[in-house]
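Trainee: Let me give you the structure first, and then I'll get to my questions.
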Amino acid sequence: MFEPDLSMFSLVGKTALVTGANTGLGQGICVAFAQAGANVIGVARRSCAETAEKIAAFSGSFKEVIADLSDSGVIPHIVEEAEKAFGRVDILVNNAGIIKRCDAVDVTEEDWDAVIDLNERMVFFLSQTFAKKWIADGKGGKIINIASMLSYQGGIRVPAYTSSKSAVLGLTRALANEWASHNINVNAIAPGYMATNNTSNLRSDDQRSAEILGRIPAGRWGTPADVAGAAVFLASDAAAYVHGFTIAVDGGWLAR
Ligand code: NAP
(Lines give C-alpha, C1' and ligand atoms only; values in the text may rest on other atoms or scores of the structure.)
Protein backbone atom coordinates (compact mmCIF):
# COMPACT_ATOMS: atom_id res chain seq x y z
CA MET A 1 0.00 0.00 0.00
CA PHE A 2 1.33 3.47 -0.92
CA GLU A 3 2.48 5.53 2.09
CA PRO A 4 2.59 9.28 1.40
CA ASP A 5 5.97 10.87 2.18
CA LEU A 6 5.35 14.26 3.77
CA SER A 7 8.88 14.60 5.18
CA MET A 8 9.57 17.73 3.10
CA PHE A 9 7.04 19.54 5.31
CA SER A 10 8.53 18.23 8.56
CA LEU A 11 10.19 20.62 11.02
CA VAL A 12 11.69 17.85 13.15
CA GLY A 13 15.17 18.86 14.33
CA LYS A 14 14.55 22.55 13.58
CA THR A 15 14.28 25.42 16.04
CA ALA A 16 11.89 28.26 15.34
CA LEU A 17 11.71 31.65 17.04
CA VAL A 18 8.32 33.37 16.86
CA THR A 19 7.69 36.90 18.13
CA GLY A 20 4.36 37.85 19.69
CA ALA A 21 3.88 34.26 20.81
CA ASN A 22 1.45 34.74 23.70
CA THR A 23 -1.72 35.16 21.66
CA GLY A 24 -3.36 35.40 18.24
CA LEU A 25 -1.54 34.48 15.05
CA GLY A 26 1.82 34.10 16.82
CA GLN A 27 0.34 31.56 19.17
CA GLY A 28 -1.24 29.71 16.22
CA ILE A 29 2.11 29.60 14.42
CA CYS A 30 3.92 28.34 17.56
CA VAL A 31 1.42 25.50 17.95
CA ALA A 32 1.61 24.61 14.25
CA PHE A 33 5.43 24.55 14.28
CA ALA A 34 5.51 22.38 17.40
CA GLN A 35 3.00 20.01 15.78
CA ALA A 36 5.32 19.83 12.76
CA GLY A 37 8.12 18.77 15.12
CA ALA A 38 10.07 21.99 15.75
CA ASN A 39 11.47 23.25 19.02
CA VAL A 40 9.73 26.58 19.45
CA ILE A 41 10.93 29.73 21.19
CA GLY A 42 8.13 32.17 21.83
CA VAL A 43 9.15 35.77 22.38
CA ALA A 44 6.60 38.05 24.06
CA ARG A 45 6.42 40.93 26.49
CA ARG A 46 4.24 38.89 28.84
CA SER A 47 3.68 35.26 29.75
CA CYS A 48 3.14 32.69 27.01
CA ALA A 49 1.51 30.29 29.49
CA GLU A 50 -1.49 29.63 27.23
CA THR A 51 0.75 28.86 24.24
CA ALA A 52 2.95 26.63 26.42
CA GLU A 53 -0.12 24.76 27.66
CA LYS A 54 -1.42 24.12 24.13
CA ILE A 55 1.98 22.74 23.08
CA ALA A 56 2.45 20.70 26.25
CA ALA A 57 -0.89 18.99 25.47
CA PHE A 58 0.86 17.01 22.72
CA SER A 59 4.28 16.97 24.44
CA GLY A 60 5.74 19.50 22.02
CA SER A 61 8.84 21.53 22.78
CA PHE A 62 8.42 25.19 23.79
CA LYS A 63 10.37 27.84 25.67
CA GLU A 64 9.29 31.43 26.29
CA VAL A 65 11.57 34.45 26.28
CA ILE A 66 10.11 37.59 27.81
CA ALA A 67 11.21 40.73 25.98
CA ASP A 68 9.66 44.04 24.98
CA LEU A 69 10.31 44.31 21.27
CA SER A 70 9.79 48.05 21.02
CA ASP A 71 13.56 48.54 21.41
CA SER A 72 16.13 46.65 19.34
CA GLY A 73 18.48 46.72 22.35
CA VAL A 74 16.74 43.51 23.54
CA ILE A 75 17.99 41.46 20.58
CA PRO A 76 21.21 40.12 22.18
CA HIS A 77 19.23 38.91 25.21
CA ILE A 78 16.71 37.13 22.97
CA VAL A 79 19.44 35.40 20.96
CA GLU A 80 21.29 34.34 24.09
CA GLU A 81 18.17 32.86 25.71
CA ALA A 82 17.11 31.12 22.51
CA GLU A 83 20.49 29.53 21.89
CA LYS A 84 20.78 28.52 25.53
CA ALA A 85 17.47 26.66 25.22
CA PHE A 86 17.83 24.85 21.90
CA GLY A 87 21.11 25.80 20.19
CA ARG A 88 20.95 27.14 16.63
CA VAL A 89 17.80 28.98 15.56
CA ASP A 90 16.79 27.89 12.04
CA ILE A 91 13.52 29.76 11.50
CA LEU A 92 12.52 33.32 12.44
CA VAL A 93 8.91 34.51 12.34
CA ASN A 94 8.52 38.28 12.69
CA ASN A 95 4.94 38.27 13.90
CA ALA A 96 4.68 40.81 16.75
CA GLY A 97 2.88 43.93 15.58
CA ILE A 98 0.67 46.75 16.77
CA ILE A 99 -2.00 48.89 15.16
CA LYS A 100 -3.14 52.38 16.18
CA ARG A 101 -6.43 53.60 14.75
CA CYS A 102 -6.62 57.36 14.30
CA ASP A 103 -7.38 59.95 11.60
CA ALA A 104 -4.16 60.81 9.76
CA VAL A 105 -4.42 64.47 10.83
CA ASP A 106 -4.35 63.43 14.52
CA VAL A 107 -1.49 60.90 14.50
CA THR A 108 1.19 61.78 17.07
CA GLU A 109 4.91 61.25 16.55
CA GLU A 110 4.89 58.93 19.54
CA ASP A 111 2.25 56.63 18.02
CA TRP A 112 3.87 56.78 14.60
CA ASP A 113 7.25 55.75 16.03
CA ALA A 114 5.76 52.97 18.18
CA VAL A 115 4.13 51.32 15.16
CA ILE A 116 7.10 51.75 12.82
CA ASP A 117 9.65 50.66 15.46
CA LEU A 118 7.90 47.35 16.17
CA ASN A 119 6.30 46.51 12.82
CA GLU A 120 9.14 47.57 10.56
CA ARG A 121 12.41 48.47 12.30
CA MET A 122 12.42 45.43 14.60
CA VAL A 123 11.56 43.14 11.69
CA PHE A 124 14.65 44.35 9.87
CA PHE A 125 17.08 44.17 12.79
CA LEU A 126 15.94 40.74 14.03
CA SER A 127 16.22 39.46 10.46
CA GLN A 128 19.68 41.00 10.11
CA THR A 129 20.81 39.41 13.38
CA PHE A 130 19.91 35.88 12.31
CA ALA A 131 20.96 36.33 8.68
CA LYS A 132 24.46 37.32 9.85
CA LYS A 133 24.72 34.08 11.80
CA TRP A 134 23.30 31.99 8.97
CA ILE A 135 25.62 33.53 6.39
CA ALA A 136 28.60 32.97 8.72
CA ASP A 137 27.86 29.29 9.35
CA GLY A 138 26.77 28.65 5.75
CA LYS A 139 23.72 26.64 6.76
CA GLY A 140 20.95 29.03 5.69
CA GLY A 141 17.66 29.66 7.39
CA LYS A 142 14.06 30.79 6.98
CA ILE A 143 12.51 34.17 7.69
CA ILE A 144 8.74 34.59 7.62
CA ASN A 145 7.39 38.11 8.02
CA ILE A 146 3.78 38.85 8.81
CA ALA A 147 2.43 41.35 6.32
CA SER A 148 -1.23 42.37 5.92
CA MET A 149 -3.96 43.29 3.45
CA LEU A 150 -2.57 46.79 4.09
CA SER A 151 0.62 45.71 2.34
CA TYR A 152 -1.58 46.05 -0.77
CA GLN A 153 -4.32 48.49 0.21
CA GLY A 154 -4.52 51.86 1.95
CA GLY A 155 -6.72 50.92 4.88
CA ILE A 156 -8.89 53.29 6.87
CA ARG A 157 -7.54 55.41 9.76
CA VAL A 158 -4.35 53.35 10.19
CA PRO A 159 -1.67 55.27 8.23
CA ALA A 160 1.36 54.18 10.28
CA TYR A 161 0.22 50.55 10.21
CA THR A 162 -0.31 50.66 6.44
CA SER A 163 3.12 52.23 6.00
CA SER A 164 4.75 49.55 8.12
CA LYS A 165 2.99 46.62 6.49
CA SER A 166 3.64 47.96 2.98
CA ALA A 167 7.29 48.20 4.05
CA VAL A 168 7.22 44.59 5.24
CA LEU A 169 6.24 43.44 1.74
CA GLY A 170 9.05 45.47 0.17
CA LEU A 171 11.58 44.43 2.78
CA THR A 172 10.68 40.78 2.22
CA ARG A 173 11.62 41.18 -1.44
CA ALA A 174 14.74 43.25 -0.71
CA LEU A 175 16.14 40.77 1.82
CA ALA A 176 15.32 37.80 -0.40
CA ASN A 177 17.34 39.42 -3.19
CA GLU A 178 20.38 39.72 -0.93
CA TRP A 179 20.16 36.47 0.97
CA ALA A 180 18.65 33.86 -1.37
CA SER A 181 22.13 32.87 -2.55
CA HIS A 182 23.00 32.10 1.08
CA ASN A 183 20.19 29.55 1.26
CA ILE A 184 18.09 31.93 3.34
CA ASN A 185 14.43 32.02 2.35
CA VAL A 186 12.75 35.33 3.17
CA ASN A 187 9.00 35.25 2.59
CA ALA A 188 5.87 36.69 4.16
CA ILE A 189 2.30 35.80 4.96
CA ALA A 190 -0.38 38.45 4.47
CA PRO A 191 -3.29 37.49 6.71
CA GLY A 192 -6.71 38.80 5.81
CA TYR A 193 -9.15 39.83 8.53
CA MET A 194 -8.51 37.47 11.44
CA ALA A 195 -10.34 37.21 14.76
CA THR A 196 -7.56 38.25 17.18
CA ASN A 197 -6.89 41.15 19.58
CA ASN A 198 -5.62 43.16 16.60
CA THR A 199 -9.15 43.36 15.16
CA SER A 200 -11.22 43.47 18.38
CA ASN A 201 -12.12 47.16 17.82
CA LEU A 202 -13.17 46.45 14.24
CA ARG A 203 -15.24 43.44 15.23
CA SER A 204 -17.02 45.34 17.99
CA ASP A 205 -18.01 48.10 15.52
CA ASP A 206 -21.21 46.61 14.05
CA GLN A 207 -21.07 48.63 10.85
CA ARG A 208 -17.38 48.03 10.03
CA SER A 209 -17.67 44.39 11.04
CA ALA A 210 -20.62 43.82 8.67
CA GLU A 211 -18.83 45.70 5.85
CA ILE A 212 -15.71 43.58 6.25
CA LEU A 213 -17.51 40.27 6.57
CA GLY A 214 -19.64 41.08 3.53
CA ARG A 215 -16.48 41.51 1.44
CA ILE A 216 -14.74 38.25 2.46
CA PRO A 217 -15.55 35.60 -0.16
CA ALA A 218 -15.06 32.81 2.40
CA GLY A 219 -17.85 34.41 4.45
CA ARG A 220 -16.03 34.33 7.80
CA TRP A 221 -13.19 35.97 9.71
CA GLY A 222 -9.97 33.99 9.70
CA THR A 223 -8.50 32.28 12.76
CA PRO A 224 -4.93 31.65 13.99
CA ALA A 225 -5.29 28.05 12.75
CA ASP A 226 -5.83 29.36 9.22
CA VAL A 227 -2.23 30.64 8.95
CA ALA A 228 -0.72 27.35 10.16
CA GLY A 229 -0.41 25.67 6.77
CA ALA A 230 1.28 28.61 5.05
CA ALA A 231 3.65 29.10 7.99
CA VAL A 232 4.72 25.44 8.15
CA PHE A 233 5.15 25.34 4.36
CA LEU A 234 7.36 28.46 4.29
CA ALA A 235 9.41 27.19 7.24
CA SER A 236 9.98 23.77 5.67
CA ASP A 237 12.23 22.27 3.01
CA ALA A 238 9.19 22.23 0.72
CA ALA A 239 9.66 25.99 0.25
CA ALA A 240 13.40 25.79 -0.53
CA TYR A 241 13.01 27.65 -3.87
CA VAL A 242 10.39 30.16 -2.70
CA HIS A 243 12.02 33.56 -2.21
CA GLY A 244 10.67 37.04 -1.60
CA PHE A 245 7.01 36.15 -1.94
CA THR A 246 4.08 37.21 0.22
CA ILE A 247 1.32 34.60 0.46
CA ALA A 248 -2.14 35.95 1.22
CA VAL A 249 -4.20 33.88 3.65
CA ASP A 250 -7.28 36.02 3.38
CA GLY A 251 -10.42 34.03 2.63
CA GLY A 252 -10.26 35.49 -0.89
CA TRP A 253 -10.25 39.19 0.16
CA LEU A 254 -7.66 40.21 -2.46
CA ALA A 255 -9.40 38.22 -5.17
CA ARG A 256 -12.56 40.27 -4.75
P1 NAP B 1 -2.47 40.37 18.50
O2 NAP B 1 -3.28 39.30 19.13
O3 NAP B 1 -2.64 41.77 18.91
O4 NAP B 1 -0.95 39.93 18.53
C5 NAP B 1 0.11 40.84 18.43
C6 NAP B 1 1.28 40.26 19.18
O7 NAP B 1 2.36 41.19 19.18
C8 NAP B 1 0.93 39.98 20.64
O9 NAP B 1 1.60 38.84 21.07
C10 NAP B 1 1.49 41.22 21.31
O11 NAP B 1 1.73 41.09 22.67
C12 NAP B 1 2.78 41.35 20.53
N13 NAP B 1 3.40 42.63 20.81
C14 NAP B 1 2.88 43.87 20.66
N15 NAP B 1 3.76 44.79 21.08
C16 NAP B 1 4.86 44.11 21.52
C17 NAP B 1 6.09 44.50 22.09
N18 NAP B 1 6.40 45.79 22.28
N19 NAP B 1 6.97 43.54 22.45
C20 NAP B 1 6.66 42.24 22.28
N21 NAP B 1 5.51 41.80 21.74
C22 NAP B 1 4.62 42.73 21.37
O23 NAP B 1 -2.85 40.37 16.96
P24 NAP B 1 -2.54 39.32 15.81
O25 NAP B 1 -3.62 39.50 14.83
O26 NAP B 1 -2.23 37.98 16.31
O27 NAP B 1 -1.24 40.00 15.19
C28 NAP B 1 -0.10 39.26 14.82
C29 NAP B 1 0.50 39.88 13.57
O30 NAP B 1 -0.41 39.70 12.49
C31 NAP B 1 0.76 41.37 13.67
O32 NAP B 1 1.95 41.71 13.00
C33 NAP B 1 -0.44 41.96 12.93
O34 NAP B 1 -0.18 43.23 12.43
C35 NAP B 1 -0.60 40.93 11.84
N36 NAP B 1 -1.89 40.92 11.15
C37 NAP B 1 -3.05 40.67 11.82
C38 NAP B 1 -4.24 40.65 11.13
C39 NAP B 1 -5.56 40.41 11.78
O40 NAP B 1 -6.59 40.56 11.11
N41 NAP B 1 -5.62 40.01 13.02
C42 NAP B 1 -4.24 40.89 9.75
C43 NAP B 1 -3.04 41.12 9.11
C44 NAP B 1 -1.87 41.13 9.82
P45 NAP B 1 0.62 41.60 23.74
O46 NAP B 1 -0.43 40.53 23.79
O47 NAP B 1 1.42 41.76 25.00
O48 NAP B 1 0.08 42.90 23.22
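Trainee: Could you tell me which trypsin sites (Lys or Arg not before Pro) in segment 142-183 are loop residues by DSSP with no more than 15 other beta carbons within 10 angstrom of their beta carbon?
Mentor: Values: sites: K142, R157, K165, R173; in loops: R157.
Counting only loop positions with at most 15 other Cβ atoms within 10 Å, the trypsin sites (Lys or Arg not before Pro) in segment 142-183 are R157.
Trainee: Further question: ³J(HN,Hα) across segment 176-192 via Karplus (A = 6.51, B = -1.76, C = 1.60, θ = phi - 60°), whole Hz, x for Gly/Pro?
Mentor: 4, 4, 7, 10, 4, 5, 9, 6, 9, 9, 10, 9, 9, 10, 10, x, x
Trainee: What is the packing order of peptides 143-150, 224-231, taking the mean over residues of other C-beta atoms within 10 Å and listing the highest first? The partial results should precede the final answer.
Mentor: Working: 143-150: 26.0, 224-231: 19.9.
So the peptides 143-150, 224-231, ranked by packing, come out 143-150, 224-231.
Trainee: To continue, here is another question. Calculate the spin-label point distance for F2 paired with E109, positioning each point 7 Å from the Cα along the beta-carbon direction, and give it in nanometres.
Mentor: Output for this residue pair reads 6.4 nm.
Trainee: Once both labels are modelled 7 Å past Cα along the beta-carbon direction, what's the R215-F245 spacing in nm?
Mentor: 2.6 nm
Trainee: Given a 1.4 angstrom probe, what's the average accessible area per residue across segment 1-127, in square angstrom?
Mentor: Details: 6300 Å² over 127 residues.
On a per-residue basis, 50 Å².
Trainee: Would you mind getting the accessible area per residue of segment 195-256, heavy atoms of the protein chains only, 1.4 Å probe, in Å²?
Mentor: On the way: 3230 Å² over 62 residues.
Using a 1.4 Å probe on heavy atoms only, each residue of segment 195-256 averages 52 Å².
Trainee: Take every Cα pair under 8 Å in the chain that's 6+ residues apart, average their separations, divide by the length, and report that relative contact order as a whole percent.
Mentor: Numbers: 505 pairs, mean separation 52.4, N = 256.
About 20 percent, as a whole number.
Trainee: Sticking with this one: Taking only Cα atoms of the chain, what ratio of Rg to Rh do you get with Rh as the Kirkwood inverse-distance radius? Walk me through the numbers on the way to the answer.
Mentor: Working: Rg = 17.7 Å, Rh = 18.5 Å.
Dividing the radius of gyration by the Kirkwood radius yields 0.96.
Trainee: Rounded to the nearest 500, what is the chain's calculated 222 nm mean residue ellipticity when only DSSP H runs of at least 4 contribute -39500 (n - 2.57) each, over all residues? Write out the running numbers ahead of the final one.
Mentor: Values: 9 runs with 100 residues, N = 256.
Per the formula, -12000 deg cm²/dmol.
Trainee: Stretched out fully, how many nm does the piece from Q153 to K139 gain, at 0.36 nm a residue minus the Cα gap? Don't skip to the answer; put the middle values down first.
Mentor: Numbers: separation 14, 0.36 × 14 = 5.04 nm, distance 3.61 nm.
My answer for the length gained is 1.4 nm.
Trainee: Could you sort 8-21, 177-190 so that the peptide with the highest average Cβ count within 10 Å comes first and the rest follow in order? Present the calculation step by step, with values, prior to reporting the outcome.
Mentor: Working: 8-21: 21.4, 177-190: 19.6.
Ranking the peptides 8-21, 177-190 by packing returns 8-21, 177-190.
Trainee: If you build a Gaussian network model of the chain, linking Cα atoms that sit under 10 Å apart, which residue out of G24, G97, G138 swings the most?
Mentor: Maximum fluctuation in the GNM of the chain, among the listed residues, is at G138.
Trainee: Express in nm, to one decimal, how much length is gained between S70 and K132 on full extension, taking 0.36 nm for each residue of separation and deducting their alpha carbon distance. Could you put the intermediate results ahead of the total?
Mentor: On the way: separation 62, 0.36 × 62 = 22.32 nm, distance 2.13 nm.
Here the answer is 20.2 nm.
Trainee: Could you check how much of the accessible area of the chain is carbon and sulfur, as a whole percent, using a 1.4 Å probe? Provide the component values of the computation, followed by the final result.
Mentor: On the way: 6190 of 12010 Å².
Percent of accessible area from carbon and sulfur atoms in the chain: 52.
Trainee: To continue, here is another question. Compute the FRET efficiency between A57 and F9 as 1/(1 + (r/R0)^6), taking r as their Cβ-Cβ distance and R0 = 22 Å, and round to the nearest 0.05.
Mentor: E between A57 and F9, to the nearest 0.05, is 0.55.
The values are calculated or read from the model by the stated rules, or taken from the named source; none is laboratory data. Bear in mind the structure is a predicted one, so any value in this text is a computation, not a measurement. Every residue, glycine as well, gets a Cβ built from its backbone with ideal geometry; the counts of neighbours run over all protein chains shown. Each accessible area value is taken on the protein alone, full model and side chains, heavy atoms only, with ligands, DNA and RNA left out. Shrake-Rupley method; radii C 1.70, N 1.55, O 1.52, S 1.80 Å.
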